[in-house]
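The values are calculated or read from the model by the stated rules, or taken from the named source; none is laboratory data. Because the structure is predicted, anything quoted here is derived from the model rather than measured. Here the Cβ positions follow ideal geometry from the backbone for every residue, glycine too, while neighbour counts run over all protein chains shown.
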Amino acid sequence: MEAYRYPHYYAIALAPSDPAGEIDFFEAAIERFSQAEVSRVFELGAGTAPYLEEWHQRGYAYCGLDLSPEMIEFGREKARRLGIDAEFVQGDMRELDRALGPFDLAYVLLGSLYVRSNREFVDHLDRIAAV
């Protein structure tokens, strides 16, 4: 997609309106459903890493994966600018490498819209669970 080549504009146009509220939601889900302590999060289709700073402020280690090299570089620069030690990996979420993990929480927001059927969506979730 052409917009991915311009991460500065993408970050403005698609910035979440309430990143803290969205991470509150994740933490509530973790509290309610997780049987393990969560300390390392994995964002697939990370784009401009809009949740990086919020996760970091709450004490989580962050790894973002995106297909776009421009988005990955933007995320790395953002982490450097904020003084956050985070990992960014260029790759396709449809072909995840188990060596990336393990992660305590993996999530994808909007990036899963590439699937065209229920079977593809289940396969997508299975790949994430394997990491």
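Points to keep in mind about this one:
- Total residues in the range 28-40, condition within 16 Å of Val108 (Cα to Cα), out of contact with any Gly (no Cβ under 9 Å at 6 or more places or on another chain) and surrounded by 15 or more Cβ atoms within 10 Å (Cβ to Cβ): 1
- Residues that are in a helix (DSSP H, G or I), surrounded by fewer than 16 Cβ atoms within 10 Å (Cβ to Cβ) and either on the phi < 0 side of the Ramachandran plot or touching a strand residue (DSSP E or B) at 6+ places or on another chain (Cβ under 8 Å) (or both) are absent from the range 49-56.
- So Arg127, is it part of a helix (DSSP H, G or I), out of contact with any strand residue (DSSP E or B) (no Cβ under 9 Å at 6 or more places or on another chain), of a type outside the set (Val, Ile, Thr) and touching a residue at least 24 places away in the same chain (Cβ under 8 Å): yes
- Here Arg94 meets each of (1) outside any helix (DSSP H, G or I); (2) under 17 Å from Arg127 (Cβ atoms) with one exception, condition (1).
- Answer from Ala106, Ala129, Ala99, Ala86 - the residue that is among the hydrophobic types (A, V, I, L, M, F, W, C), buried (at least 17 other Cβ atoms within 10 Å of the Cβ) and either modelled with pLDDT under 90 or out of contact with any Cys (no Cβ under 8 Å at 6 or more places or on another chain) (or both): Ala106
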